[in-house]
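The values are calculated or read from the model by the stated rules, or taken from the named source; none is laboratory data. In this text, all values refer to a predicted model and were calculated from it rather than measured experimentally. Ideal geometry is used to build each Cβ from the backbone, glycine not excepted, and the neighbour counts take in all protein chains shown.
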Amino acid sequence: MKAALILAALLAAAPALSQPAVADSLLDELLSSLPHQEEWGTEAKANPAEIARIGALNPGREQDVTPILAAHARCIAGVVAATTRRTLRIAGRGLGAEKVRELIAFYRSDEARRLDAIEALAQKGEASTPAQEEEMRRIMAAHPVLTEFATAIQGSGRIVGEDKFFLPAAERCNEARAGAFAKAALRFD
């Protein structure tokens, strides 16, 4: 039974073991080629609803609440951005060097910009034309690595859950916020 478990584990790991390691410089190049890097973090501004909620707990002290929440938002935004970069690197590493090179070439291409323009319409709630939809199907069919990368990214919850830096860093942000509220003698829960 033990030998069967070891064999099953080795077979499951075989694709990863057979791939050459992906150089950090290649992963850096992938990250620099990806579009919309400004979206990798959360908004580094205090949430107005949270300002109002905590301000209501501290009547007359609302102006003291905003800077604390703004500092916390900036801290969390940095944590999320760093975690996103680590997650993308892990996803890229799982694809292997050749597929990472394919992704880099794609994201630097005119096709990537056309696909991005079509996806931007959908995000705005606008309908794409039949020609644009055909273009999107053609691009996706020509670059199956895009689907593989998207699938890897969809599994990022597991990656983040295993990230040894995310929770401690987020907790430091929360501790700093709690300390700032305590120092200012403000309620926040």
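Within segment 123-136, is there a residue that is in contact (Cβ under 8 Å) with a residue 24 or more places away in the chain and hydroxyl-bearing (Ser, Thr, Tyr)?
No, segment 123-136 contains no residue that is in contact (Cβ under 8 Å) with a residue 24 or more places away in the chain and hydroxyl-bearing (Ser, Thr, Tyr).
Test Val79 against the stated conditions and say whether it is under 20 Å from the mean Cα position of the chain (by Cα), closer than 23 Å to Lys45 by Cβ and assigned to a helix (DSSP H, G or I).
Yes: the conditions hold for Val79.
Name the one entry in Ala97, Ala91 that is within 21 Å of the chain's Cα centre (by Cα) and crowded, with 17+ Cβ neighbours inside 10 Å.
Ala91
For Leu103, state whether it is within 30 Å of Ala178 (Cβ to Cβ) and modelled with pLDDT of 95 or more.
For Leu103, the condition - within 30 Å of Ala178 (Cβ to Cβ) and modelled with pLDDT of 95 or more - is not met.
Tell me which residues, restricted to segment 46-72, are surrounded by 15 or more Cβ atoms within 10 Å (Cβ to Cβ), in contact (Cβ under 8 Å) with a residue 40 or more places away in the chain and not in a helix (DSSP H, G or I).
Once the filter is applied, which keeps residues that are surrounded by 15 or more Cβ atoms within 10 Å (Cβ to Cβ), in contact (Cβ under 8 Å) with a residue 40 or more places away in the chain and not in a helix (DSSP H, G or I), segment 46-72 yields only Asn58.
How many residues does segment 51-65 hold that are over 13 Å from Arg187 (Cβ atoms) and of a type outside the set (A, V, I, L, M)?
Number of matching residues: 1.
Output the residue which, of all residues in segment 106-125 that are within 13 Å of Ile139 (Cβ to Cβ) and among the small types (Gly, Ala, Ser), is surrounded by the fewest Cβ atoms within 10 Å (Cβ to Cβ).
Ala117
Considering Ala141, Ala91, Ala185, Ala169, which residue is touching a residue at least 40 places away in the same chain (Cβ under 8 Å) and over 20 Å from Leu26 (Cβ atoms)?
None of the other options fit; the residue is Ala169.
Please state which one of Gly78, Gly96 is touching a Pro at 6+ places or on another chain (Cβ under 8 Å) and touching a residue at least 12 places away in the same chain (Cβ under 8 Å).
Of the residues listed, the single one that is touching a Pro at 6+ places or on another chain (Cβ under 8 Å) and touching a residue at least 12 places away in the same chain (Cβ under 8 Å) is Gly96.
Run Thr147 past the list (1) closer than 25 Å to Leu27 by Cα; (2) of a type in the set (Val, Ile, Thr); (3) over 18 Å from the mean Cα position of the chain (by Cα) and report the number of the one that doesn't hold.
(3)
Go through (1) in contact with a helix residue (DSSP H, G or I) (Cβ under 7 Å, 6 or more places away or on another chain); (2) farther than 25 Å from Leu186 by Cα; (3) aliphatic (A, V, I, L, M) for Leu69 and report which single condition fails.
Here Leu69 clears every test but (2).
What is the number of the single condition among (1) surrounded by 13 or more Cβ atoms within 10 Å (Cβ to Cβ); (2) charged (D, E, K, R); (3) touching a residue at least 12 places away in the same chain (Cβ under 8 Å) that Glu43 does not meet?
(1)
Residue-by-condition table, conditions (1) in contact with a helix residue (DSSP H, G or I) (Cβ under 9 Å, 6 or more places away or on another chain); (2) under 20 Å from His36 (Cβ atoms):
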| position | (1), (2) |
| --- | --- |
| Thr87 | yes, yes |
| Leu103 | yes, yes |
| Arg114 | yes, yes |
| Gly125 | no, yes |
| Ser128 | yes, yes |
| Gln132 | yes, yes |
| Met136 | yes, yes |
| Ala141 | no, no |
| Gln154 | no, yes |
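When you scan segment 23-45, do you find a residue that is assigned to a helix (DSSP H, G or I), charged (D, E, K, R), at pLDDT 90 or above and touching a Leu at 6+ places or on another chain (Cβ under 9 Å), even just one?
Looking through segment 23-45, none of the residues is assigned to a helix (DSSP H, G or I), charged (D, E, K, R), at pLDDT 90 or above and touching a Leu at 6+ places or on another chain (Cβ under 9 Å).
Name, by its number, the condition in (1) under 24 Å from the mean Cα position of the chain (by Cα); (2) more than 28 Å from Val80 (Cα to Cα) that does not hold for Asp116.
With respect to (1) under 24 Å from the mean Cα position of the chain (by Cα); (2) more than 28 Å from Val80 (Cα to Cα), Asp116 is out only on (2).
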